[in-house]
Every structure is written in structure tokens, then in C-alpha cells.
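Structure record follows, encoded as C-alpha cells.
The values are calculated or read from the model by the stated rules, or taken from the named source; none is laboratory data. As the structure is a computational prediction, the values presented were derived from the model and not from experiment. Here the Cβ positions follow ideal geometry from the backbone for every residue, glycine too, while neighbour counts run over all protein chains shown.
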Amino acid sequence: MINPKRTVLSLFVFAISALLATLAHAAKPNILYIVADDVGWKDVGYHGSDIKTPNIDKLAAGGARLEQFYAQPMCTPTRASLMTGRYPFRYGLQTAVIPSSHTYGLNTDEFLLPQALKDAGYTTAIIGKWHLGHADKKYWPNQRGFDYQYGPLIGEIDYFTHKQHGVTDWFRNNEVVEEPGYSTTLLGNDAVRFINEQSADKPFYLYYTFNAPHTPYQAPQEFLDQYKNIADPSRRAYAAAITALDEQIGRAVAALEAKGLRDNTLIVFQSDNGGTRDAMFAGEIDSSKIIIPCDNGPFRNGKGTLYEGGTRVVSLVNWPGQIKPGITIDEMIHVTDMFPTIASIAGASTAKSKPLDGVNQWPTISEGKPSARTEVIYNVEPFRAGVRQGDWKLVWRTLLPAAVELYNIKTDPYEKDNVAAQHPDIVAKLQQRANELAATMAKPLLLQAEFQAIRERLALPPALPGQELELGGD
């Protein structure tokens, strides 16, 4: 016989459990993490550019501008740092990007941010560029913690054909997709669709990562027409590509608002590295005959270098009610910090991760407290290193002719005055730190792959133990 009191009690317990589960989900914010590709530090409106970025500017005005946010000098290393919370020299991705002709990728024993968030109850999606391994499915996003994937796997494609070297690089959930359209617009369409499918009872992480405005500089005519005043065709197309990107960011934010999800969504925006200033780092296509259009403002040099122009990138964080609008955070934050910061906000565990280099910077971003880090490692490679401790930054090139540069970033953020000769003790301290890290670094996978390719072209036998290219590290 059914006991009415027990039935009522059971229903009450069930209702309370359901309510607590709903509240737990509601406490977890949605995360929209936007990465642009090769945007110059000055090439957004709020940094004084003539390029129109009203949606990015609105997010900056309503959130925190991160004015000492550091990425790695190039695309693959930055994206790996974000995914792992660890410097790329830990796992061999510190040198350049993964070329389309190579088969290596981000080691599968690394525990990634989407995996941590998925374990914490998030729906995870990547809409856009991956560039952490394309030749083997074990490296692909769906195999690395993403429930949903759409976009290119490699680093550089034609915006309209989605091809590189005549091969289509446009995928949805491990399958090639042949479809017409400008890549930025297609990514925007898919982001809006994804957001519209979400509900308030389960949080989501959307890694929204554009291939724009990376080479080749291309944009639809409607955006090119907005910059008829720019004479140089590369700068005109670059500006148009950024404005097209900005429009798609605005559409995603509008979709969040329409779904009633905006107030519980943390939005992060960053470039993956500084804007290109040297054609050597522009990409796989020949850019030697064009004027490189990126503008890093007062910062020295750009993509591919260890100087501020290559590593200090445009970035902002916006979350209504959680971050004061219009504030500027002028504290050291590195892209590796975003893994533990987001994990902390989302209630996700990092226990499965290897030792993190990133630190939780939420108190700095949300309350303006001093940065939790006093050191930034710009990079460590067999031929160069960049290390900053406090205000002092060392740029050390070890290939002949070797060069040592020391800058005080507080008084000389534009790196005009090399004071290495005046401070040999500081140089020695930072060189010692670089050497300590170099002794532990993984051998760069790119250099190993290139060395093996040379041996194969010369029809040399495989290297025997002790005959490998000496690249440093274990």
C-alpha cells in the first residue's frame, strides 16, 4: 500500500534536488571566448584606429581592457597555451606554427580546457580555427573535449573557397564540408545558431576563433566599400576583414541578449599574437610583394618576435554585473592564466592537468587587485629566449651573431633603450632563469620534423640514438 506521507516527502526531496541542480547550473556562467588572428594592437577603435570595430569597442567600454595581456609570438603556441594553461616549450610547440605539410600536433597527454569544462557539466564547442594538429584525427577538436566543431583545422585558408594548396580545409564534426560563403560570415552564422540552441539550464563554452584578419587579406565588397579612402589594397582588405569580424561578434552578443543569456555570459576577446610586421611571418602564401598592413601602435615590431609588438595583444573581458564597466587593467596577465581563471569561475577541476604555468587572475580582472604573477616567459627556444621579471625584460638571441637586450618595460614599454651593458647583474639573473627553463624544455616538434624531412630528401638512414639533431631539453 502506498504511504501518502512518504510519497509527499519523496516528491519534496526530488523538487529540492531539482532546484539545487538548477541553481548550480545557473551559478556557472556561459563562456564565449573569442580569438582573432593577427590583429594589430592598435587596429581596434578603442585603441585609436580608423578601422571600425563598434562591437568590440562596446565590449571594452562595458568591461575591462587588459592592457598588459601577453600571448605567444605566433598562432599555434598561443592557442596551445590557452588550451593547456602551460607554456608551449613544455610540450614542443614553442617554435612557429604547425605548417600544413607537417603531421605533428598538440600532445594527446595534455589535459585541455574544454575537457575540464566538459567534466564540470558544460556543453563545449569550437566554431572557427583550430591549428593544433590536422594530419591525424587524434589531434582534432572532437577528440580533445569539444562536443561540437565547425571551421578550419589548419592555419591559413582562402576566405571564399576554404582551401589551401587546392585542398578544402572546412570541417564539421570530423567531416569535410563543401559550402560557399565568406568564412567569417559562415562562422558567425554558426555561432548564432549554436547560441540559439542553448538553454539556461546548462552552461556552455564556445571557443569562437576567427581566421580573420590573417593572410590572405580578403573581404566581401560590402566591407571593402567602407574603406574606399584607404589607397593601399592590403590595408583596405585588412581593415574590411576586421570590420566583418566585428560584425559577427556583434551578432553573437545580440543572440545572447535575445536568449536572455547575456548577463550570465563571460566574454573574452584577444588576438592570438601581435600584428604582422615582417612578411616572413605573414603565412604560407608569398607576401613579399605587398605592404604588410598591421599596426601595433607604439610597440616594437610584431608577430614572430619576442618584442612587445609581437606578444602584447589587444584583449578585453566583459561580464555584466561581475566586472566594472570601462576599467583598465594594467597588470601582467598571460594567456596561460586563462585556463585556471576560467576553471575557477566555472567550478571546473584542474586536477587532471600537468603542472600549470597559468595562475588564477580573476581577482585582478574583477577587482583590480595586483597581478598574481611577477614573471612572464615570452618564449624559450634553442636559439632565443624572452623572460620578464617585474619590470625587467631580457631578449636573448643565442645564434651567431648572439645578442643580449635588456629593457625596463615600466619606463620603456616601447623597447627603445637597451640597457644590458648598464645592468650586467640583472642580465645574468634573467639568463640563468632562461637556461634553467631551457634545460627542461621539450625539443621543438617543428625543428625535429624539418630535420627528419631533410634526412629523407637526402636519402639518409634514420638517425641512431645519439645522432639526433641537438635541440636542447630532454
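What's the total number of residues in region 149-178 that are within 29 Å of THR123 (Cα to Cα), assigned to a loop (DSSP other than H, G, I, E, B) and of a type in the set (Gly, Ala, Ser)? Residues in region 149-178 being within 29 Å of THR123 (Cα to Cα), assigned to a loop (DSSP other than H, G, I, E, B) and of a type in the set (Gly, Ala, Ser): 1 in total. For the subset of region 245-295 comprising residues that are of a type in the set (Asp, Glu) and in contact with a Lys or Arg (Cβ under 9 Å, 6 or more places away or on another chain), which member is surrounded by the fewest Cβ atoms within 10 Å (Cβ to Cβ)? Here the answer is ASP278.
Of the numbered conditions (1) touching a helix residue (DSSP H, G or I) at 6+ places or on another chain (Cβ under 7 Å); (2) surrounded by fewer than 23 Cβ atoms within 10 Å (Cβ to Cβ), THR103 satisfies every one except a single condition; which is it? For THR103, the failing item is (1). Evaluation of PHE299 against the conditions (1) closer than 29 Å to ASN30 by Cβ; (2) surrounded by 19 or more Cβ atoms within 10 Å (Cβ to Cβ) shows that the sole unmet condition is (1).
Close contacts from region 54-66, counting a first residue that is more than 18 Å from GLU367 (Cα to Cα) and a second that is aromatic (Phe, Trp, Tyr) and buried (at least 20 other Cβ atoms within 10 Å of the Cβ), with Cβ to Cβ under 9 Å and a gap of 6+ residues or different chains, come to ILE56/PHE269. Kindly establish whether GLU375 is over 23 Å from ASP37 (Cβ atoms) and loosely packed, with under 15 Cβ neighbours inside 10 Å. It is true that GLU375 is over 23 Å from ASP37 (Cβ atoms) and loosely packed, with under 15 Cβ neighbours inside 10 Å.
What do you reckon, is PRO73 part of a loop (DSSP other than H, G, I, E, B), of a type outside the set (Gly, Ala, Ser) and more than 17 Å from the chain's Cα centre (by Cα)? When the stated conditions are applied, PRO73 does not pass them.
Just one of (1) surrounded by 15 or more Cβ atoms within 10 Å (Cβ to Cβ); (2) in a loop (DSSP other than H, G, I, E, B); (3) more than 19 Å from the chain's Cα centre (by Cα); (4) of a type outside the set (Asp, Glu) fails for SER366. It is (2).
Among the residues of region 267-280, those identified as out of contact with any Ser or Thr (no Cβ under 8 Å at 6 or more places or on another chain) and among the hydrophobic types (A, V, I, L, M, F, W, C) are ILE267, MET280. Being without any contact (Cβ under 8 Å) to a residue 24 or more places away in the chain and either within 22 Å of PHE204 (Cβ to Cβ) or in the same structural domain as ASP190 (by TED's automatic domain parsing) (or both) is a condition met by at least one residue of region 94-108.
Among the residues of region 401-449, the ones that are within 25 Å of LEU93 (Cβ to Cβ) and among the basic types (Lys, Arg) come to 2 in all.
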